[in-house]
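A.B. asks: Okay, here's the structure, questions in a sec.
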Amino acid sequence: MAVPINVDMQALRSAIQDEYAEVATTPEKGFHFHTGRPLARLLGYPAEVTDPLPEPVIESFAGVANPFIFGELQPGETVVEIGSGAGFDAVLAAQQVGATGRVIGVDMTPAMLAKARANVGRVGLINVEFRRGYMEELPINDASADVVISNGVINLSPDKAAVFREIARVLKPGGRVQMADIVVTRAVPEAAKENIDLWTG
Amino acid sequence: MQAMMQAVGLVDVEFSSKRWDTFSDAPSASSAAAFGTQGVAFRAVKPRR
């Protein structure tokens, strides 16, 4: 059973948006996580997939693992990405599902949404769209997704149970999640869980 | 996370055996590294009715 965390949701969302707006606009700045092509290599994304991508598509990538390790998505599938950022995983997903498939990325940070929309234009994809929204209240119809993907985002919600309720709501029967996120190998003190600075850094 | 997925009815939950050390040696200091944070992939399925 998930234990509620005493944190100001609006303040946390604001801090996260500030952080990720910087990742979108100044990816070279250097953060407490790795970014871009070096990160994609670290996570095992195939070079033949990432090398052709224009730099803006990959430079703001800030995932934590590789959700495609369980296999590529299938042609024709409808995919929802939670926390789509600048669109790196969404672009790869769109290439995998092809012209008969569809990818809907959801993100709450306007700077990331703007960059993601520009990025799909750069690679000539028309089967991807991005919507502004929160992972606890996905702007997605019930039972409409074959796959929900995400990479390093759910850990940023203090109400993870709500996120998973939303995931179950938007998935079609028989649909699946293929995600990546973080686990901690040492106990996190309760005080740290309530410190917004530690959520974002 | 496994318990939360199962609580909403997802089944066949599987975590990757591979873990990624995605915070060590990052450009800025991180509390994530202090907590031994690792990246992991996972999947689960929503049962058919």
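Quick note: the coordinates plus some simple rules give every number you see, no bench work behind them. Worth saying up front: this structure is predicted, and the values here are computed from it rather than measured. With ideal geometry, Cβ positions are generated from the backbone for all residues, glycine too; neighbour counts draw on all protein chains shown.
A.B. asks: Report for segment A:9-199 the percent antiparallel among DSSP-assigned beta bridges with both residues inside it, nearest 5. Don't jump to the answer; show the numbers that get you there.
C.D. replies: Details: 1 of 21 bridges.
Among the beta bridges of segment A:9-199, antiparallel pairing accounts for roughly 5 percent.
A.B. asks: Contact order normalised by length for segment A:42-184, with contacts defined as Cα pairs under 8 Å and 6 or more residues apart; what percent is it?
C.D. replies: 26
A.B. asks: Could you tell me the relative contact order of chain B? Use alpha-carbon pairs under 8 Å, at least six residues apart, and round to a whole percent. Don't skip to the answer; put the middle values down first.
C.D. replies: Details: 53 pairs, mean separation 23.8, N = 49.
Answer for chain B is 48 percent.
A.B. asks: Can I ask one more? With springs only between Cα atoms under 10 Å apart, run a GNM on chain A and tell me which of A:R132, A:R176, A:R186 wobbles the most.
C.D. replies: In this elastic network of chain A, the residue with the biggest mean-square fluctuation among A:R132, A:R176, A:R186 is A:R186.
A.B. asks: Evaluate peptide B:3-10: per residue, the Cβ atoms of other protein chains within 10 Å of its Cβ; return the mean as an integer.
C.D. replies: On the way: counts 4, 10, 6, 1, 6, 10, 4, 7.
Across B:3-10, the average partner-chain Cβ count within 10 Å equals 6.
A.B. asks: Now, a different point. What does the average come to when, for each residue of peptide A:145-153, you count the partner chain Cβ atoms lying within 10 Å of its Cβ?
C.D. replies: Mean partner shielding for this stretch: 1.
A.B. asks: Also: If each DSSP helix of 4+ residues adds -39,500 (n - 2.57) and the sum is divided by the residues in the protein assembly as shown, what number results at 222 nm, nearest 500 deg cm²/dmol?
C.D. replies: The helix contribution divided over the protein assembly as shown gives -9000 deg cm²/dmol.
A.B. asks: Would you kindly state how much longer the chain becomes between B:A7 and B:S28 on full extension, computed as 0.36 nm times their sequence separation minus their alpha carbon distance, in nm to one decimal? Walk me through the numbers before you get to the answer.
C.D. replies: Values: separation 21, 0.36 × 21 = 7.56 nm, distance 3.65 nm.
Contour length minus the Cα-Cα distance gives 3.9 nm.
A.B. asks: Where does each of A:D181, B:D12 land when they are ranked from fewest to most other beta-carbon atoms within 10 angstrom? Write out the running numbers ahead of the final one.
C.D. replies: Working: A:D181 21, B:D12 11.
Exposure proxy ranking, most exposed first: B:D12, A:D181.
A.B. asks: Give the separation of the Cα centroids, segment A:65-116 to segment A:9-35, in Å.
C.D. replies: The two parts, judged by their Cα centres, are 20 Å apart.
A.B. asks: Starting from the Cα gyration tensor of chain A, take the square roots of the eigenvalues, sort them a ≥ b ≥ c, and report rounded, prolate or oblate (rounded when a/c is under 1.5, otherwise prolate if a/b is larger than b/c, else oblate).
C.D. replies: In terms of gyration-tensor shape, oblate.
A.B. asks: Can you figure out the FRET efficiency of A:K172 with A:E28, using R₀ = 41 Å and their beta-carbon distance, to the nearest 0.05?
C.D. replies: After rounding to 0.05, the efficiency reads 0.55.
A.B. asks: Considering only DSSP beta bridges where both residues belong to segment A:33-138, give the percentage that are antiparallel (nearest 5).
C.D. replies: If I count the DSSP bridges inside segment A:33-138, around 10 percent turn out antiparallel.
A.B. asks: A follow-up question, please. With N residues in chain B, what two-decimal value do you get for its Cα radius of gyration over 2.2 N^0.38 Å? Working shown, then result.
C.D. replies: Values: Rg = 14.8 Å, N = 49, 2.2 N^0.38 = 9.7 Å.
With N residues counted in chain B, Rg over 2.2 N^0.38 Å equals 1.54.
A.B. asks: In whole Hz, with x marking every Gly and Pro, tabulate ³J(HN,Hα) for segment A:86-93 from phi via Karplus 6.51 cos²θ - 1.76 cosθ + 1.60, θ = phi - 60°.
C.D. replies: So the Karplus estimates, Gly and Pro as x, are 7, x, 4, 5, 5, 5, 4, 4 Hz.
A.B. asks: For the ranges A:150-156, A:117-123, A:71-77, what's the packing order if you count other beta-carbon atoms within 10 Å of each residue, average per peptide, and put the highest first? It would help to have the intermediate numbers written out before the result.
C.D. replies: Numbers: A:150-156: 22.4, A:117-123: 16.4, A:71-77: 14.7.
With the highest mean Cβ count within 10 Å placed first, the list reads A:150-156, A:117-123, A:71-77.
A.B. asks: For labels at A:E190 and B:D21 in the simple 7 Å Cα→Cβ model, what's the distance in nm?
C.D. replies: A separation of 3.3 nm, rounded to one decimal place.
A.B. asks: Hey, can you grab everything whose amide H is under 5 Å from the amide H of A:T78? Only 5+ residues off in sequence or another chain; H modelled, so Pro and N-termini drop out.
C.D. replies: It is A:R102, A:D146, A:V147, by chain and number.
A.B. asks: About the Cα centre of chain A, what is the dipole size in debye to 20, counting +1 per Lys and Arg Cβ and -1 per Asp and Glu Cβ, all else neutral?
C.D. replies: It works out to roughly 260 debye.
A.B. asks: Let me ask you something else. Compute the relative contact order of segment A:1-118 as a whole-number percentage, counting only Cα pairs closer than 8 Å that sit 6 or more residues apart in sequence. Walk me through the numbers before you get to the answer.
C.D. replies: Details: 142 pairs, mean separation 30.1, N = 118.
The value is 26 percent.
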